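**Q** Attaching a single structure in structure tokens format; questions to follow.
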Amino acid sequence: MTVRIGVEEEFHIVEVETGRLAPRANTMLEKLPAGTFTTELQQATVESNSGVHESLAGLYDDVINTRRRLDATASEHGLAVVAAGTVPLARTQDTRPTAGRRYRHMVDEYRMIADEQLICGTHVHVDVPDRDLAVRLMCEVSPWLHVLLALSASSPFWLGADTGYASWRTMVWQRWPTAGPPGCFADAAEYDAAVRCLIDSGVISDAGMIYHDIRPSAHQRTLELRICDACPRPETVVLVAGLYRALVTEARERLEAADAPACAGRHEWLRAASWRAARSGLEGALIDPGTRHEAPAAQVVRRLLERVRPALEAAGDWPTVRDLAERALAAGSAAHRMRRTAEEDDLLACTDLAIAETRGDDHPRRRPAAPARHLTSPGRPVVARPAKAARARTAGR
């Protein structure tokens with residue numbers, strides 16, 4: 001039987017005309033079904049929850065329809081939504097925390113970490129009814145999760161600056177005390193004891209604040225992937241979900257075999273692998289889990305495909321996932337597309353691209369010529385980049 005999957009997507013809410021964050025989640029949620037959409041820590045973010053699906057085609061249709069409904073609601077208020085790790089023109093002063101005791105505690109306790117939670121991710125759930133098995137699977141699939149991060153990388157800009165990273169969201173996210181690789185546990189009891197220890201220490205308030213790259217869900221009988229950026233293109237969501245389900249399936253089959261391997265103590269390098277993926281995306285090197293040496297991203301992605309090919313074929317996903325992966329490698333990461341647009345035009349055009357891709361359209365709307373907006377790089381002077389249309393018009397005089 002095919003293992004079921006579902007996704008949670010986080011979206012930035014932005015003003016269409018300025019590209020700035022807009023703290024309007026509550027206003028939008030008044031017109032959206034509570035079972036599908038919900039709030040996040042910051043009011044400039046809204047989260048969607050898909051249905052549960054056996055097929056990637058069903059998941060894709062769900063993601064597309066959910067995004068269309070969210071986009072239509074945003075448009076009624078002169079807003080748009082962006083599925084990306086960060087939006088280029090975000091500013092901390094443009095949003096505010098969502099009301100509620102839990103969020104208020106997070107703001108008071110974690111201060112700037114919470115204030116700068118201007119990031120969005122994609123979370124994928126795969127059914128694993130046996131919680132002991134789910135805990136053991138974390139160890140088995142963790143070496144490959146940075147490859148999924150590279151495929152999703154969509155956050156090269158932070159507060160108007162080019163960070164030099166493909167996924168700056170990863171750097172922001174890792175400031176939380178429980179973020180990063182999960183470690184290895186023998187069973188659910190050992191894992192739960194570790195979670196309880198963190199709660200008792202006062203570092204976190206509840207199990208929902210376990211922000212590992214992968215975790216057994218606190219509310220569902222699933223194994224949840226949390227390492228990925230929000231993905232502008234819905235096809236990337238499907239690609240990541242298909243690969244993740246195949247990784248879980250392949251690892252489960254190995255663990256259930258009579259000669260199932262024990263943990264090889266391979267966790268010390270996982271954070272470094274995630275950093276490499278966050279830095280390079282698909283445009284540089286990734287760490288090959290087999291050799292633990294750098295290799296071209298395309299080589300590592302194709303090695304992952306071959307590793308999980310039997311699981312993909314068994315689910316009927318191989319042609320779809322292979323095609324999506326090759327298209328992703330040919331087109332480059334979302335971070336690459338965003339950075340190229342910013343270099344050719346400006347940061348608002350970059351935001352327009354992310355809005356269009358979130359809608360399922362690769363062609364952003366054409367804006368009239370506008371004054372130059374600024375693109376900055378850390379440690380470098382501010383560089384003014386005139387809008388492309390303005391440059392062309394000036395040259396023709």
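The values are calculated or read from the model by the stated rules, or taken from the named source; none is laboratory data. Computed from a prediction, not measured in an experiment: that's the story for all the values here. Cβ placement follows ideal geometry from the backbone for every residue including glycine, while neighbour counts extend to all protein chains displayed. All accessible areas refer to the heavy atoms of the entire protein, side chains included, with ligands and DNA or RNA removed. Shrake-Rupley method; radii C 1.70, N 1.55, O 1.52, S 1.80 Å.
**Q** Can you tell me which residue is farthest from GLY164 (Cα to Cα) among those in segment 38-91 that are assigned to a strand (DSSP E or B) and more than 18 Å from the chain's Cα centre (by Cα)?
**A** The residue in question is HIS53.
**Q** Under 6 Å between Cβ atoms, which residue pairs at least 6 apart in sequence (or on different chains) link something in segment 64-75 that is over 12 Å from THR358 (Cα atoms) with a partner that is part of a helix (DSSP H, G or I) and at pLDDT 95 or above?
**A** Once the first residue is over 12 Å from THR358 (Cα atoms) and sits in segment 64-75, its partners that are part of a helix (DSSP H, G or I) and at pLDDT 95 or above give THR73/MET28.
**Q** Next up: With the requirement that a residue be open to solvent by 10 Å² or more (accessible area, probe 1.4 Å) and in contact with a helix residue (DSSP H, G or I) (Cβ under 8 Å, 6 or more places away or on another chain), what does segment 58-68 give you?
**A** TYR60, ILE64, ARG68
**Q** Sticking with this one: When residues of segment 326-336 are filtered for being in contact (Cβ under 8 Å) with a residue 24 or more places away in the chain and surrounded by fewer than 22 Cβ atoms within 10 Å (Cβ to Cβ), how many remain?
**A** 4
Conditions tested, residue by residue: (1) buried (at least 16 other Cβ atoms within 10 Å of the Cβ); (2) at pLDDT 95 or above; (3) within 19 Å of VAL16 (Cβ to Cβ).
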| site | (1), (2), (3) |
| --- | --- |
| LEU70 | yes, yes, yes |
| ALA74 | yes, yes, yes |
| LEU79 | yes, yes, yes |
| THR86 | yes, yes, yes |
| ARG96 | no, yes, no |
| ARG104 | no, yes, no |
| ASP108 | no, yes, no |
| MET112 | no, yes, no |
| ASP115 | yes, yes, no |
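**Q** What are the residues in segment 318-376 that are under 23 Å from ASP62 (Cα atoms), among the small types (Gly, Ala, Ser) and at pLDDT below 95, if any?
**A** Once the filter is applied, which keeps residues that are under 23 Å from ASP62 (Cα atoms), among the small types (Gly, Ala, Ser) and at pLDDT below 95, segment 318-376 yields only GLY360.
**Q** Quick one: MET171 ticks every box in (1) over 30 Å from ARG20 (Cβ atoms); (2) assigned to a helix (DSSP H, G or I); (3) touching a residue at least 12 places away in the same chain (Cβ under 8 Å); (4) open to solvent by 30 Å² or more (accessible area, probe 1.4 Å) except a single one, so which number is it?
**A** (1)
**Q** Just give me the residues in segment 119-143 being part of a helix (DSSP H, G or I) and acidic (Asp, Glu), in sequence order.
**A** ASP132, GLU140 - these are the residues of segment 119-143 that are part of a helix (DSSP H, G or I) and acidic (Asp, Glu).
Residue by residue, here is whether (1) among the acidic types (Asp, Glu); (2) surrounded by fewer than 17 Cβ atoms within 10 Å (Cβ to Cβ); (3) without any contact (Cβ under 8 Å) to a residue 40 or more places away in the chain holds:
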| residue | (1), (2), (3) |
| --- | --- |
| THR122 | no, no, no |
| HIS125 | no, no, no |
| ASP132 | yes, yes, no |
| TRP144 | no, no, no |
| PRO182 | no, no, no |
| ASP187 | yes, yes, no |
| CYS197 | no, yes, yes |
